[in-house]
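Written below as structure tokens is the structure these notes are about.
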Amino acid sequence: MYGTPFSLSDQSRFSTVFHTLKIGHLLRHTGIRKSFGLSGLAVFELLFSLVFEGKNGFRLLESSRGASLPGKDVVYRFLNHPGFVWRVFLHSLSLTMVRQFAALTSAKRVQVFILGDSTFQRNRSKKAELLARVFDHTTGRFAKGFTLLTLGWSDGFSFAPIDLIMLSSAKFVNRLTEMTITITKRCQRYKRRVEALTHKPDAALGLIKRSLKAGFRADYVLMDSWFTQMPLIRGLATEGLDTIGMVKEMKQRYLYEGQRLTLSELYRRLPKNNHTSIWSSVIVKSSCGMLVKLVFVQNRNKRREWLAILSTDLTLEPNEIVRIYGMRWSIETFFKVTRSYLKLGTEFQGRSFDMLISHTTVVFSGYLVLEFERRETGDTRSLGGLFFLYSDEVRDLDYQTALGQLMALFLNLAGATSKVGKQNVLCQLQQWMADLPLYIKGLFSNLSCES
């Protein structure tokens, strides 16, 4: 095993979590391995630890520790490997963590799937595979990049990303580059590229079907207003899943007392309870004949306006529908943490679609480890606080490595019998001091070596 901060020989939090979640076994079981040289786990640990190092891969390999780390070619071959099934690995890791959580919660606790998407911008790219013009809902503008469609699991306390699709664009005019034409159609990498060209509702339904097949279970599927469309809701119903989602004003009509009404017309017809934030609720029939319950609640940002939440479970009380839908916010926190702390989309800027998938999976794995540590230890700190705690631990382990190197140099100096030998060791000591990280040099006021 090489000398990364997260080597299993080190007594660190990460080594404990790696051992508990059996990440090395999951990598081997899903076929993510190397035929010779360093193990697949060793390379994965390096990729995993980069974000906590405070430096990118190039700077780390150029440092004094670079000789003991996998080379740049090894790392890029690992990220671009066409045979690694990263989806199966993410499923296995998430399912292992979810089953650990099951022992900590009541069997009656509501478990949900959460659908969400985020713009994966690559505005400076020109030749990235399947690069497209995608619409960013936060800015209301188009940007170059991809749409990161994510499916997560939550029990109201923890969130676990379980699958992803890096969507390009289903419209040919919006795609700036196409897929590599030399890929055989029977391999997984081709299937993921074809998947990137599907429409978002179809891709979302495919995510849920694969997750159910992998062994995940949930009571409801939570989604925002973009996904709350009757074709997707009917598809989820055929899988035995109820839907709770925000509904926006569209041309959709609902049958109520023999009349087909829009959301606004329906809201005006219903009696209001102004003493609570839940103003009214009603059971109506959608245009496709499915009975749904609509709950109208006060908009916290604009208190005179209302929001509508749809539920296909007619037995739920309005306040319970609102409470369960509130669990959807955890996926927004997930997107914030992965971008702000785990460097989603900025750690590697390769052109290959395979690298895009592998890098995103490694980032999701980092979030899973942080979430697992927070849940297992009952830690009240935020995920950002845990991130900085682990970054400090990396520095502590690097400090131990530096002291080990220093002791080795002193032993060589003590064993030197000639003046030339001692001079060579002193030169090595000077070079060692020059290569020390700045935070270690800052621990000493006057760090020098004189012969």
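Residue-wise test of (1) closer than 19 Å to Val85 by Cα; (2) touching a Phe, Trp or Tyr at 6+ places or on another chain (Cβ under 7 Å).
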position: Leu115; (1), (2): no, yes
position: Ser118; (1), (2): no, yes
position: Phe142; (1), (2): no, yes
position: Leu151; (1), (2): yes, yes
position: Lys185; (1), (2): yes, no
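For Met250, the requirement of being over 23 Å from the mean Cα position of the chain (by Cα) and of a type in the set (A, V, I, L, M, F, W, C) is met. Given the condition part of a helix (DSSP H, G or I) and either within 25 Å of Asp117 (Cβ to Cβ) or modelled with pLDDT under 85 (or both), answer yes or no: does some residue in the range 341-351 qualify? Checked the range 341-351: no residue is part of a helix (DSSP H, G or I) and either within 25 Å of Asp117 (Cβ to Cβ) or modelled with pLDDT under 85 (or both). Listed by first and then second residue, the pairs linking a residue in the range 273-299 that is open to solvent by less than 20 Å² (accessible area, probe 1.4 Å) to a residue that is polar (S, T, N, Q) and assigned to a loop (DSSP other than H, G, I, E, B), with Cβ atoms under 8 Å apart and 6 or more places separating them unless they lie on different chains, are Ser280/Asn273; Ser286/Gln252; Val292/Ser286; Val292/Thr312; Val297/Ser277.
Say we look at the range 103-120 and pick out the residues that are out of contact with any Ser or Thr (no Cβ under 8 Å at 6 or more places or on another chain) and at pLDDT 80 or above; which of these is farthest from Trp153 (Cα to Cα)? Result: Lys108.
Any chance you could count how many residues in the range 6-34 are closer than 16 Å to Val75 by Cβ and either open to solvent by 10 Å² or more (accessible area, probe 1.4 Å) or at pLDDT below 85 (or both)? Final tally of qualifying residues: 3.
The values are calculated or read from the model by the stated rules, or taken from the named source; none is laboratory data. Remember, predicted model here, so these are calculated numbers, not experimental data. Cβ atoms come from the backbone with ideal geometry, glycine included; neighbour counts cover every protein chain shown. The accessibility values were calculated without ligands, DNA or RNA, using every heavy atom of the protein model including side chains. Shrake-Rupley method; radii C 1.70, N 1.55, O 1.52, S 1.80 Å.
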